[in-house]
Structures are given as structure tokens and as C-alpha cells.
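This report concerns only the one structure given below.
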Amino acid sequence: MFNSIKRDLKRRKLYMKYESKRILYKALANDCNLDQDLRFLCAQKLNQLPRNSSRVRIKNRCIVTGRGHSVYKFCRISRIKFRDLANQGLIQGCVKASW
């Protein structure tokens, strides 16, 4: 469980580290006004970056349990833990609905 959280944190750090390089190489590789050799070189540089530095490798996980499904983005907590914390009154502004 905690290995998945550590793995996700590692991927997030790698993404932040290589984000500017990835954007630059991708823009240069897709620019049709540049020379074909330069575009190919930029595509090769893009392929040499670590795979885990890509944004699509990042998974939204619950910071409490490590659950990967049904995680709310605004608080990064799964629906199950969110409900538990809301029922205990630990989340401000969250009130259980009743009718």
C-alpha cells in the first residue's frame, strides 16, 4: 500500500524536474518550420527522458490509504475516507444531508 504512494510521489517529483525540458523538446519536435534533422534530434532527446517523468504516469491516489479509484481531486482523499472524516465532523463545511 505505501509502496504505491511512494512510487506516485517519485513520479510527481520526476515530472516537476523534467517538465520544462519535456515541453521544450515537444514544441521543437512538432514545429514544422524547423529543419527535419533538428526535429528528429529533439524527438530523440524527448525519448531519452525518463518514462516516469511523463504526466500520464501520475495517478491520483488517496493520501491516507493509497487507494487509486474514486479519489476527489480537491482534497486528494478517497470517497470512503472522505465519508468517514465527514461523519466524524473533521471536514469543515461538510454536513450530512437529511430530508
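In a DSSP loop and with at most 14 other Cβ atoms within 10 Å, the trypsin sites (Lys or Arg not before Pro) in region 61-99 are K73, R76, K96. Computed extension gain for L38 through F2, at 0.36 nm per residue and net of the alpha carbon distance, reaches 8.7 nm.
Relative to the Cα centre, the charge distribution of the chain, modelled as +1 at Lys and Arg Cβ and -1 at Asp and Glu Cβ, gives a dipole magnitude of about 500 debye.
FRET efficiency for the K45 to H69 pair, using the beta carbon distance and R₀ = 25 Å, is estimated at 0.10. Applying the criteria of a DSSP loop state and at most 15 other Cβ atoms within 10 Å to the chymotrypsin sites (Phe, Trp or Tyr not before Pro) of region 5-47 yields no site.
Across the chain, the convex hull enclosing all Cα atoms gives 143 Å³ per residue. Note on K59: aspartates and glutamates with a C-alpha under 17 Å away, same-chain residues under 8 apart excluded, are D8, E19.
In this structure region 1-59 gives 81 Å² per residue of accessible area when probed at 1.4 Å with all protein chains present. The distance separating the Cα centre of region 55-87 from that of region 1-41 comes to 26 Å. Legend: translational diffusion of region 1-59 by Stokes-Einstein, Rh = Kirkwood radius over C-alpha pairs, 20 °C, 1.002 mPa s; D = 173 µm²/s. Summed over qualifying helices (DSSP H, 4 residues or more, each -39500 (n - 2.57)) and divided by its residue number, the chain shows a 222 nm mean residue ellipticity of -17500 deg cm²/dmol. Relative to the longest principal axis of the Cα atoms of the chain, the long axis of helix 79-88 makes an angle of roughly 40 degrees.
The values are calculated or read from the model by the stated rules, or taken from the named source; none is laboratory data. All figures in this text were calculated on a predicted structure; none of them were measured in a lab. A quick note on method: Cβ atoms are made from the backbone with ideal geometry, for glycine too, and the neighbour counts reach across all protein chains shown. Calculation scope for accessible area: heavy atoms of the full protein, side chains included, ligands and nucleic acids excluded. Shrake-Rupley method; radii C 1.70, N 1.55, O 1.52, S 1.80 Å.
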